[in-house]
Amino acid sequence: MSRRAVVIGGSVAGLLAAAALSRSVDEVIVLERDELPEGPQPRRRTPQARHAHILLPSGRDAIQELLPRVDVRERLLASGAHEQPLTDMLGFGPQGWFRRWPTVTDELLLTCCSRDLLEWTVRGAVLDTAQVTVRRAEAVSLLGTAQRVTGVRALSDGAEEDLRADLVVDASGRGSRVEHWLETLGVPGIPTDEVDSGLVYASRVFSVPKGAEHFPVTQVEADPADSGPGRSGNLVPIEDGRWLVSLAGTRGGEPTADPEEFTDFALGLRHPLIGQLISDAEPLGDVSLSRSTRNRRRDFHKAAMPEGLVVLGDAVATYNPVYGQGMSIAALGAQTLSRQVQRADVASPGFARGVQREAAKSVSAAYTLSTSQDQWFPEVVGKAPTLVDRLLSRYMGRMARVATTSYPVSAAMCAVLTLQADASRLVHPKLLLATLKGPVLEPLSGPPLTDEESAFLDSVGPIPV
């Protein structure tokens, strides 16, 4: 019997979901209300697109599994994307500077590029190799009942059309109206959790100065233990000899869109390294500001969902962007869909609920990591930390301190942060013992720079104190 699937949304989550379905479904239609650009250019209604993005190795591997006929990794690198081991980044956490370890494995490689390049590359790979049709149209409602979704009502050029489908995938992002559509069908409210620290992101692109071409990803984290607002910053090398710098602050410590204040904000972080790096760098545009940073998770897998509907990507959960999880979670969700499609028919009883339940595992892991820090900042909106949260926070803080001096502990934490290992790995007896014993080396007194990096900083001038 012929099967049709309709995917709502043509971003990374939607296109990868379409690729997953195309192997087993006769017709896959993607509905995208925006005109998709011809190259790596901005797409409308993507509030986080102008800010720093990193593809985690778990997301990279999921994309490769979904698109086996094309090497997306190679396409990205050929277009100027950078790869860097997570253990070689310049990272200043609440417990101090992390050491940089020489070990390089694919399991720890981050892919660094602009959101525009990543989305354009994925879109090209999907459309080149998968039987997928993209329509310029907006989904306005779901068809069906509280028991089964049977399609989508789409609006295009002022005319509405009912598209019947055996499976509908909502991958329309953080602006998804799926909860409203479900209420219209008679489906009760979806359990929701939210942690909002009031975080504001300000980002700007700079030309990489001469002599700084090999600077790695640089991160200065906020310290939740401080009584004041949390301020942080990320510098990410992207294609075309550019740095994408994102600064963030919680309530009472927010950055502004004023370009005159951008570098001063960076210099005022817990360590001024990022501010010094960009102090003489040429800006390549204005400051982009975003307040769409709350952590919000909708537990569709716990609701009485109708058959025939799966929700993936940001339509399920959004996270503090500092962890760079969003695109990788989208890829992992599509990977789950792909594996389920290969085992069962999309119209079979329990198919959609099975996908939703399995996809929720990586969503929950990412959400827990993201909210574990945000819940401690002043004036946060959301549930108060429990006793368990407090005990885990103390344990993780001690482990992070040990990780600044121990490669095995650092690598284990990196595996969890990149969604390649379950958080239970962090209480493995060996790691538990290492954490209880404490640091094995003295803490670093400053950033662990190479000779080349030190020479560049010396040419810029002393770090302000």
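The values are calculated or read from the model by the stated rules, or taken from the named source; none is laboratory data. Just so we're clear, the structure is a prediction, and the values are computed from it rather than from any experiment. Ideal geometry is used to build each Cβ from the backbone, glycine not excepted, and the neighbour counts take in all protein chains shown.
For the residues Ala334, Ala352, the requirement of being at pLDDT 95 or above, of a type in the set (Gly, Ala, Ser), within 30 Å of Gln147 (Cβ to Cβ) and under 15 Å from the mean Cα position of the chain (by Cα) singles out Ala334. Does Ser328 satisfy being over 30 Å from Thr145 (Cβ atoms), modelled with pLDDT under 95, surrounded by fewer than 24 Cβ atoms within 10 Å (Cβ to Cβ) and among the polar types (S, T, N, Q)? Taking the combined requirement at face value, the residue does not satisfy it.
For segment 435-465, a residue qualifies if it is outside any loop (DSSP other than H, G, I, E, B) and over 30 Å from the mean Cα position of the chain (by Cα), and the qualifying residues are Leu436, Lys437, Asp451, Glu452, Ser454, Ala455, Phe456, Leu457, Asp458, Ser459, Val460. Of the residues Leu244, Leu273, which is farther than 16 Å from Glu221 by Cβ and either touching a Pro at 6+ places or on another chain (Cβ under 6 Å) or buried (at least 23 other Cβ atoms within 10 Å of the Cβ) (or both)? From the options Leu244, Leu273, the qualifying one is Leu244.
The C-beta contact set for segment 54-76 (first residue assigned to a loop (DSSP other than H, G, I, E, B), second residue of a type in the set (Ser, Thr, Tyr), distance under 6 angstrom, 6+ apart or interchain) comprises Leu56/Ser328; Leu56/Thr418; Arg69/Thr129; Val70/Thr129. Within segment 77-95, if we keep just the residues that are assigned to a strand (DSSP E or B) and free of Cβ contacts under 8 Å to residues at least 40 places away in the same chain, the residue that is nearest to Leu21 (Cα to Cα) turns out to be Glu83. Going residue by residue through segment 260-272, is there one that turns out to be farther than 24 Å from Gly93 by Cα and part of a helix (DSSP H, G or I)? The answer is yes; a qualifying residue exists.
If you filter segment 276-309 down to residues that are crowded, with 17+ Cβ neighbours inside 10 Å and either among the β-branched types (Val, Ile, Thr) or in a helix (DSSP H, G or I) (or both), you find that the one that is nearest to the chain's Cα centre (by Cα) is Thr293.
Count of segment 209-232 residues, restricted to those that are under 22 Å from Glu260 (Cβ atoms) and more than 24 Å from the chain's Cα centre (by Cα), is 1.
Six or more apart or on different chains, Cβ atoms under 9 Å: show the pairs whose first residue is in segment 319-344 and free of Cβ contacts under 8 Å to residues at least 40 places away in the same chain and whose second is hydroxyl-bearing (Ser, Thr, Tyr). Going by the 9 Å Cβ cut-off, the qualifying pairs are Thr336/Ser362. Residues of segment 22-37 that are among the hydrophobic types (A, V, I, L, M, F, W, C), farther than 17 Å from Ala154 by Cα and crowded, with 20+ Cβ neighbours inside 10 Å: Val25 alone.
Residues in segment 373-394 include none that are closer than 28 Å to Ala18 by Cα and either of a type in the set (Phe, Trp, Tyr) or assigned to a helix (DSSP H, G or I) (or both). With respect to being surrounded by 23 or more Cβ atoms within 10 Å (Cβ to Cβ), within 21 Å of the chain's Cα centre (by Cα), modelled with pLDDT of 95 or more and part of a strand (DSSP E or B), Val236 fits the description. The residue of segment 312-331 that is nearest to the chain's Cα centre (by Cα), among those that are aliphatic (A, V, I, L, M) and under 24 Å from Pro68 (Cα atoms), is Met327. Ala125 meets the conditions (1) in contact (Cβ under 8 Å) with a residue 24 or more places away in the chain; (2) surrounded by fewer than 22 Cβ atoms within 10 Å (Cβ to Cβ) in every case but one. The failed one is (2).
Residues of segment 423-439 that are surrounded by fewer than 12 Cβ atoms within 10 Å (Cβ to Cβ) and out of contact with any Pro (no Cβ under 8 Å at 6 or more places or on another chain): Ser424, Pro429, Leu433, Leu436, Lys437, Gly438. Scan segment 396-408 and give yes if some residue there is at pLDDT 85 or above, more than 26 Å from Ser328 (Cα to Cα) and basic (Lys, Arg), otherwise no. Yes. Picking from residues in segment 1-21 that are surrounded by fewer than 24 Cβ atoms within 10 Å (Cβ to Cβ) and at pLDDT below 95, the one that is farthest from Ala62 (Cα to Cα) is Met1. Of all the listed residues (Arg115, Arg123), the sole one being closer than 26 Å to Val287 by Cβ, within 19 Å of the chain's Cα centre (by Cα) and charged (D, E, K, R) is Arg115. Among the conditions (1) in contact with a strand residue (DSSP E or B) (Cβ under 7 Å, 6 or more places away or on another chain); (2) surrounded by 18 or more Cβ atoms within 10 Å (Cβ to Cβ); (3) not basic (Lys, Arg), the only one that Pro349 does not satisfy is (2). Within segment 353-374, residues that are within 13 Å of Ser328 (Cα to Cα) have Cβ atoms under 8 Å from residues that are of a type in the set (Asp, Glu) and not in a helix (DSSP H, G or I) in these pairs: Ala365/Asp422; Tyr367/Asp193, counting only partners at least 6 apart in sequence or on another chain. Within the set Gln41, Gln48, Gln64, the sole residue that is under 18 Å from Ala331 (Cα atoms) and either out of contact with any strand residue (DSSP E or B) (no Cβ under 9 Å at 6 or more places or on another chain) or at pLDDT 95 or above (or both) turns out to be Gln64. Scanning segment 188-200 for any residue that is touching a helix residue (DSSP H, G or I) at 6+ places or on another chain (Cβ under 7 Å), over 27 Å from Ala384 (Cα atoms) and either surrounded by 14 or more Cβ atoms within 10 Å (Cβ to Cβ) or among the charged types (D, E, K, R) (or both) turns up nothing.
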